[in-house]
Structure formats: structure tokens, C-alpha cells
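One structure is given below, encoded as C-alpha cells.
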Amino acid sequence: MLLGQATLYLTTVFTLLALALYGASLKNNRLLKLARFSFWLATFFCAISSFALLYAFLTHDFRISYVFGYSSSDLPLFYLISSFWAGQEGSFLLWLLIGFLLGLFVIKSAKEEQAPVLFYFTLVQVFILFMLLKKSPFELLPQAQTEGRGLNPLLQDPWMVVHPPLVFLGYAALTVPFAFAIAALQKNNFDTWYKRAFPWVSFSILSLGAGIFVGGFWAYKVLGWGGYWGWDPVENASLIPWLTSLALVHGLILEKVQGSLRKTNLFLAIISFLLVVYGTFLTRSGVLADFSVHSFADLGINAYLIFFMLLFLAVSIGLMLGRFPALKVQKTSTDPISQQKFIIYVIWGLAILSFLVLLGTSAPLITKILTQPSNVAISYYVKISLPLAVLLVLFLSFSPLLDWQKTDLTVLRKKVLLPFIIALALTLLSYLWGVKNLSHLLLLFFTLWALLSNLVRFFRKLPEGLVQTAGFMTHLGFALLVIGILFSSGYSRSQRVALEKGKPQTIEKFQLTYQGEIPEQNKQNSVSLLFAENGKSREVRPKLYFSDYTQEQMRKPYIRRGFTFDLYLAPLELRKIASHSDSAVILGKGESFEISGYKVTFVDYEMEPHTEGGQMKIGAKLSVSSNDSSLTLVPYQIVGGEEPEFHDVTLPDGQTKIILEKIIADSRQIGLIVHTEAQGAEPTETLLIEVSHKPLINLLWLGGVLVMLGSLLSIKRRVS
Amino acid sequence: MKPKYIIAAIVVIVFLVFGAFSLKKSLTPYVSFAQAQKGGTVQIIGKLVSGTDYYDTQTQKLAFTLIDDQGHGQMKILYNGVKPGNFEQATEIVAIGKYQNGTFEADQLLVKCPSKYQGLEQPK
């Protein structure tokens, strides 16, 4: 047995021990120290397992099936490291490890509630551990191999090093508010959990959000994932819990300020985690294999996934049903137009949005139970998210201007006026530019308004310190994100162009010339393009090659980044057509022509009935002679069917084909087509390329960065 | 019941009903080639008839023919998009779209390969 596998078993032993000891500590604190020690030991052994797997990758230990399947000895160091989480087994190990490491911090932040919080936290670790035991990354091959299969070239990207760890960091972090909420329900003590969970919720939003965002950025610059966002089940599985945690963070603000929304927050904290488990089930069990481009294969862990999902669900529902009726709630009556109420509207908006995305993602499963399995078209997601986005930015545009309790409408009118006018003007400008769709105009108008009113507030708040602006910065980022998404997805234009080698073509304001294929390392060839813009030209090299690993055509675009738009050059296909010439010849009986050293003479017709009813075989007997030889060839047609069948002949040189094209019965002539492959001539190369113009996509990236920065600041604010 | 609760309930219900309707309309069931010809947005699945794919530079569409699992039905597909990377190697191709004027106009293709992530085949 390998060291990694052995320590994985030790991890299991100590995790179960920690679970039992924390369980025992629920009633009395005597065993708490021992429980914590077990948790530490489990963390230690899990880290050893992880190092063992990493070491196996770095030393190319191809005895191990997982190392064999996801790496090869020619991979650079960074990609060797990321091979660790290229497959399911390794990514579960990463998730487990991150969970343990976060757990050490949770022990600190749970304080006197360590026992119940860590009990549930450890239970989640057990869930991940069981999947790992079922499908271990340390499984040995029946026979050691000398070379691995290599890493999928789609995954050979610097972003692969950070994207999966960020997502799993988010998933692991969402376990913390869940554990706090369940522990609070069990202890029937709700005074501290939300304060302690708050920074963890912000942290989940940051890490999961960064994971989603980096994933989108990666998908944008590597073709093959279908753009920065494709509403794919795997993508949705991470988006849905993120949206519910956004709702949760808003709810926590209200609870912190005035003690309201207690039940809502408990519910949101629990559901965010359950959605992570459900998402794992959807994407890892193979139930969606027919509907997703990511299609994870079934590893035979369905039973575990379903068991744990039901277990977590039962515990959560049981505790909520048991505690909620008696739970005292702070009632506050406030004006419908106040910041408080707007926060509640936002929570509702986000909740409905995540529910509808969940509904669409689960559609194949739901319809499988009801009738025939069906998928939803991507248009569904666009249709549902558009009106909800309009509502959400509407709230966003007002909320920074409102007072907490009750807003004086005359004061509000004054504050609103300037952003309103500027937003209206910019919307009109966009209308003239080409945004004619009414719902797009509405979305744009409210988003611009939100952008401006948050911008004003951001600068007003800035003198109090950057940390104080966290909320406004995040909202500013969201507004930019929405504008970027609206323009880049709704108003991109693209065309496909065939570029013949050496012939320049003008597309929009650019000139493109295809210069040929360039061989590169690992057969990851690129194509050379001369890209001329404003009189300056330079060579760019998007990639286009066939991958032996995936048996796929791989493409990597060249992106000319610009502030107002990106120009996206995506090579599609390289066609190499050998040169040849076709010529038509008409011959009467006894007449001849010469081709590549042969004299071809039409001798006579040859007719006979073909075997199948009513069909005729008509041939032309040709005598072919050169200096040293002569032979007879008979190209023929079979007529009488729906369409004639042509059967050609090839001359002894192997390069010239003769086809009997037609029989001219009246003049007793035949029509031949002589097809000659040109010798030595270069085949003509044509590069098919898609040229897309993606407006304002940079606002999307800028917005995303601001959202992440804002979340980071808000963690800093909550912790201090 | 206070009126504000009623308003809130109405808003939520309107959205959920809207969502359910959109979902029902956007559902694309897997159907046979014959059923697909009756119209509506559907998904069909089949194998690529090798050599039938070509790129129409005029309409900028990818054309190819699929043959169904039983091997008797054939369907010409027009896809307004980029040829997926693993097109030729696909074990099966799923086309999502509508049957119109004798061809199936696909908006989306899903190319089913042995797998994108889980390409692990044990050596024998």
C-alpha cells in the first residue's frame, strides 16, 4: 500500500474519532481537547496524503492510475501541480484538505460553541472523505507504466492552477455558516452565530466568486468551453450557492443592525450549503452526462451522494421545523421606501433568481422523473435573468440614497435628479448606437443610474477610509459587470472569413493575412497571421492543432484587447486542398487524345444489362498506350436507377483518373472528364477564421475585480 | 393580512409562474427524427455520417448529416456556428434546434465524446 493511501485511512480514522468526540462533547466538555486533537491529527494526515499525491505527480509515479491518467513526464512544473486536481479523485482530496485547513480557523472563531459547530463541520468532512475512499487517487494500475497519458490540453493553462482551488475554497467556506447555523438551531441559542458566521459568508462570496470569475475569464481566452459563461450545469452548480450567499450577506446586515430576519438567515445559510451538495451530486454523479459539455463520468458514488444529501436535508429540515415555531423574531415596522426594506427586496430577488436557475439546471432530472428527459435551452436563463436583473439594479440604484428607516421623498428627489439625467442621456446615446431592445434599454438605464449613484456615494465615503466603502465598491462593480455582460453578450458581432494563404483581406478596419502554419512545442501548432491596424502591422499567432490526448481540434484565439472593444480572432479550420485540374474531352469512335505521356483512344461502346432489374451498364472501351505498353480500360456508368452511378478508371501513372461523364448517342460520341493531380505543386491552404467584435467586455472584467475587492474589504471590516 | 404582504406574495407568484412558463417553453425534449419533423424546438441525437460535413461559406453555416441509432433515419443539420473541436471524433452528436424546410436548423450542438474531463482508459 502506498503511503498516501495509508495516511488517507489514518485521516478517516481520526476524522471519525473527531466526529465521535465532538458528538460526545455536545453534552459535556471533558472530551473537547481530545476531539480537537483528533481533528488536528486528521488534518495532519490529510496534508501528508496530499503531499504524497503531489510528490507522485512531481516524480512521475506512473504506478498510480490517477497520475498516469492526468500527467506525463514532459509537463512543466506548474501543470504538474495542477494535474493534482485535474480529475475527480484529486479534486475531492483538495476539497477535503481545504476543509481541514479552514476547520483549524473555525475552531478559533467558534469559541465556546466549538463542539456543535465542529461536529457538523466534521460530518461534512466525512461526506467528502467517503467519496475519496470509494474512488481513491492512490489506486494502483495492474501494471506500472513508463509514460502517462498527459494532461488535457484544455486544462494546460495558468488559470487551471488557481481556478479549481478557489472554487473548492468557496465550497469549503460555505460549510462554515452551515455548521454555525445548525449548531445554533441545535443549541437553541441564536445570539452569536450570525456575528461569527458573517466574515465566513463574505469569505465564501469572495472565494467562490473569484473562482467563478476566473473560470469565466479562462473560458474567454481559451476556446472550447463556449465563451465566458454558458449556463452549463457545472457552472450553474457554483453560481446558485453564490447567489444564495449574496442574499445571506444582505440578510446578515439586517440581523446585525436590528436583529430581524433571523429565520431567513438561518435558512439561507443552510440552503447555500445544501445547494453545494446538490450541485456536487448533479455534476459528479453522471446524471447530467447527456446534457453537459463538462460531463463527468459516473464513478459509482451516487449512492453516497444521495445518502449524504438526504442526511443533511433531514437534519436541516428537522431542526428548522423543531425550532422555528418557537423562535422569537424582532418585528420592525418600516416604511416600504427605506434602505431596510430594499435589502429585503434584494434578498427576495436573489432568492427567486437562484431558484429559477436551480429549476433550469435540474430540468433534466425533473423531466426524467415526470416524462421524457428534457434539457432547457440557454434562452430560458436569459429570459428569466433579464427581468430579475432589471429589478435588482433598480434596487441598487435607489438604495444608497435611501435612509435606513424612512426616506423623505422631497430630499430623495433632489439626490436622484443628477444621476437620473446622466443615466438617461447615456441610455439615449446607447439607443442611437444600436441598443434597440426595450428590456435591454431598461436594464441599461437602471444599471447606469445604479453605477452613478453608487459612484457618488463611494467618493463621499472615501475620506472615512477605504474599508468603509466596501459595499459601494461591490455594488459599483456589479453595475459595471452588468453593463459588460449586456454589451458583450447582446451586441457582439462576428463573421467567419476564409483567408487564402498570402492574400490579405480587410475585415472591419483591420487587415488580416494568413501566412502559414507554425510548428510548435508538443505539436501545439499555431497559425501565423499578419494583423494590420492603423497602418501598423504585426504578427499574431492563435493556436490551432489536433490534440492526440482528447482527439479534438484545439483552438486558442488571439485577442486584441482594447478599451471599448476586444477583437477576437478564433481560428476554426485549416483546409489544405491539393491542386488538381479537371478537363473535359469529347471523343468520337477511333479518335484519341494525349495525357501525361499516354495516348487514349475511344474504341467502342460496351453495353450489358446490369444485374438489378432494368439497369444498364454502359462503358466506353478505351485503348491506352504509351511507348512501352498498352492496355484497355473501361470507365462505365450504370443507368436506369434514380441517378447514374459513375465508375472511373485510373491510368498506370496513378495520378490521372478518367470518368465517363456522358454518352452522346446521336453523334456516337462520348464525353470524358480527365482529372489530374498536379505533381509537386503546393496544396492551397485556406484558414477559416471567426472574427468577433466584442464591445465593452473590459467593463465585465473591471466590474468583477471591483466586486472581489469590495468583498475583500468587507471581510476586513467584519473581522476588525 | 396586510396589503403589503399581499403585494409581496403577488410579485413572488408572478415571477414563479413566469419562470415555470419560460421553463416549459424552453424545454427541449429528446425526440426521434420523425418526431422532430413535426416542429418545435427539440434535441435529436445521432451519429455523424462521415464525409457529409462541409462548411457553407455563403450562409456561414456548418452542414452535416446525422443518422439515428437504429440506422435508418437520416437528417440534414444546418448549424449556425463554429464546428466543435471534437466533431469528427464524436461518438454521438446532439443537435438542439428546430426542423424547418427540410433541414434541422440547430442553435446548439453537444458533442458527446468518451469524455472531456474523465478521459481515463485503463491500459489492458
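What follows draws every value from the coordinates through simple rules; no lab data is involved. The structure presented is a predicted model; accordingly, all values stated were derived computationally and were not measured. Using ideal geometry, Cβ is built from the backbone for each residue, glycine included, and neighbour counts are taken over all protein chains shown.
Numbers for the structure displayed
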item: Table column - 3J(HN,Hα) (Hz), region A:255-272, Karplus curve with 6.51, -1.76, 1.60, x for Gly and Pro; result: 5, 5, 6, 9, x, 9, 6, 4, 5, 4, 5, 4, 4, 5, 5, 6, 5, 4
item: Translational diffusion coefficient (Stokes-Einstein; Kirkwood radius from C-alpha pairs) of region B:31-112 at 25 °C, 0.890 mPa s, in µm²/s; result: 197 µm²/s
item: Additional length obtainable on full extension of the chain from A:GLN505 to A:LEU58, 0.36 nm per residue less Cα span; result: 156.2 nm
item: Backbone HN-Hα couplings from phi across region A:437-445 [Karplus 6.51/-1.76/1.60, Hz, Gly and Pro as x]; result: 5, 4, 5, 5, 5, 4, 4, 5, 4
item: For region B:1-43: rounded, prolate or oblate by the Cα gyration tensor [a/c cutoff 1.5]; result: prolate
item: Packing-based order for A:176-182, A:207-213, using average beta carbon neighbours within 10 Å, highest first; result: A:176-182, A:207-213
item: Candidate lysines - alpha carbon under 30 Å from A:LYS599, same-chain residues fewer than 8 apart omitted; result: A:LYS589, A:LYS617, A:LYS621, A:LYS657, A:LYS662
item: A:ASN375 long-range amide H proximity, modeled H, under 5 Å; result: B:THR28, B:TYR30
item: Total lysine pairs under 26 Å (Cα atoms) in region A:1-140, excluding pairs fewer than 8 apart on one chain; result: 4
item: Distance between modelled label sites at A:LYS256 and B:LYS24, nm, 7 Å Cα→Cβ extension; result: 4.3 nm
item: Other-chain or far-sequence residues with amide H under 5 Å of A:SER71's (modelled H); result: A:ARG149, A:GLY150
item: Convex hull per residue volume in Å³, alpha carbons only, for region A:1-140; result: 87 Å³
item: Subset of A:LYS331/B:LYS4; A:LYS331/A:LYS415; A:LYS383/A:LYS556; A:LYS509/A:LYS576; A:LYS341/A:LYS461 violating a 20 Å alpha-carbon distance limit; result: A:LYS331/A:LYS415; A:LYS383/A:LYS556; A:LYS509/A:LYS576; A:LYS341/A:LYS461
item: Between 0 and 90°, nearest 10: helix A:193-221 axis offset from chain A longest Cα axis; result: 10 degrees
item: Semi-axis lengths (Å, descending) of the ellipsoid that matches the C-alpha gyration tensor of region A:157-324; result: 30, 20, 11
item: Pairwise FRET efficiency - A:LEU424 versus B:LYS4, Cβ, R0 = 30 Å, nearest 0.05; result: 0.50
item: The protein assembly as shown pair-distance distribution - Cα-Cα, 10 Å bins, rounded %; result: 2, 10, 18, 21, 19, 13, 7, 4, 3, 2, 0, 0
item: Candidate aspartates and glutamates - alpha carbon under 12 Å from A:LYS256, same-chain residues fewer than 8 apart omitted; result: A:ASP191
item: For A:369-378, mean number of other protein chain Cβ atoms within 10 Å; result: 5
item: Largest-first principal axis extents, alpha carbons of region A:81-182, Å; result: 53, 31, 17
item: Gained length - A:VAL126 relative to A:LYS27, 0.36 nm times residue gap less alpha-carbon distance; result: 33.5 nm
item: Projected label distance in nm at A:LEU365 and B:VAL49, using a 7 Å step from Cα toward the beta-carbon; result: 3.9 nm
item: Mean Cβ count within 10 Å, highest first, over the residues of peptides A:480-486, A:693-699, B:78-84; result: A:480-486, A:693-699, B:78-84
item: Nonlocal amide H pairs with A:PHE565, under 5 Å, H built at 1.01 Å; result: A:LEU696
item: Simple label model, 7 Å out from Cα along Cβ direction - A:SER625 to A:ASP191, nm; result: 11.7 nm
item: Burial ordering of A:GLU139, A:GLU464, A:GLU552, fewest other beta-carbon atoms within 10 Å first; result: A:GLU464, A:GLU139, A:GLU552
item: A:GLU147-A:MET1 FRET efficiency (beta carbon distance; Förster radius 22 Å; 0.05 resolution); result: 0.35
item: Tally of Lys pairs whose C-alpha atoms are under 17 Å apart, taken over region B:31-112, 8 or more apart or cross-chain; result: 10
item: Enclosed volume per residue, in Å³, of the convex hull spanned by Cα atoms of region A:166-244; result: 76 Å³
item: Peptide B:14-22, shielding by other chains (average Cβ, 10 Å cutoff); result: 5
item: Sorted by Cβ neighbour density within 10 Å, fewest at the top, the residues A:VAL585, B:VAL12, A:VAL719; result: A:VAL719, B:VAL12, A:VAL585
item: Modelled FRET efficiency - R0 25 Å, A:THR410 with A:PHE459, Cβ distances, 0.05 increments; result: 0.55
item: Packing-based exposure ordering (other Cβ within 10 Å, fewest first) of A:LYS27, A:LYS221; result: A:LYS27, A:LYS221
item: Table column - 3J(HN,Hα) (Hz), region A:301-315, Karplus curve with 6.51, -1.76, 1.60, x for Gly and Pro; result: 10, 4, 4, 4, 4, 5, 4, 5, 4, 5, 4, 4, 5, 5, 4
